[in-house]
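Below is one structure; the comments refer to it alone.
Bear in mind these aren't lab numbers, they're just calculated from the coordinates by the rules spelled out. Since this is a predicted model, take the numbers as computed values, not measurements. So basically every Cβ, Gly included, is an ideal-geometry build from the backbone, and we count neighbours across all protein chains shown.
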Amino acid sequence: MRGGDVRTGELFSYVDLEDRVRRDHPLRAIRQIVNDALVLLEREFAALYSPIGRPSIAPEKLLRAMLLQAFYSICSERLLTERLEYDLLFRWFVGIGIDDPA
């Protein structure tokens, strides 16, 4: 079952990731382009997943994380996950809330 591409955690968090990323950061433009492309692929993603079962990690989040891995030359998924634990810019780009597990 395909997981949703939703952000959570802002209900009880005092940190808004949107405010933590400066307005002229290059990843803002890239994120907008990526999100527009991923919206076009939503039907293809839905067709690949079963309607029953345990929800997966949203493929949109996985693809955004893989882009960061390429942009920042991170050599393994383990190091990428570690970076997602503490880097607010990475969490914002992927769409993970401040209180969500990486």
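A few points about this structure:
- Relative exposure of 24, 99, 87, judged by other C-beta atoms within 10 Å (fewest first): 24, 99, 87
- One decimal place: the segment residue 62-residue 22 gains 12.1 nm when fully extended, by the rule 0.36 nm per residue minus the C-alpha distance.
- Cβ crowding within 10 Å, taken as a proxy for footprinting-reagent exposure, orders 96, 74 from fewest neighbours to most as 74, 96.
- Of the residues 15, 21, the one with the fewest other Cβ atoms within 10 Å heads the list, and the complete ranking is 15, 21.
- Whether region 7-102 is rounded, prolate or oblate, judged on the alpha carbon gyration tensor where a/c under 1.5 counts as rounded: rounded
- Trypsin sites (Lys or Arg not before Pro) restricted to DSSP loop in region 14-52 with at most 16 other C-beta within 10 Å: 22, 23
- Its relative contact order, with pairs defined as Cα atoms under 8 Å and 6+ residues apart, puts the chain at 49 percent.
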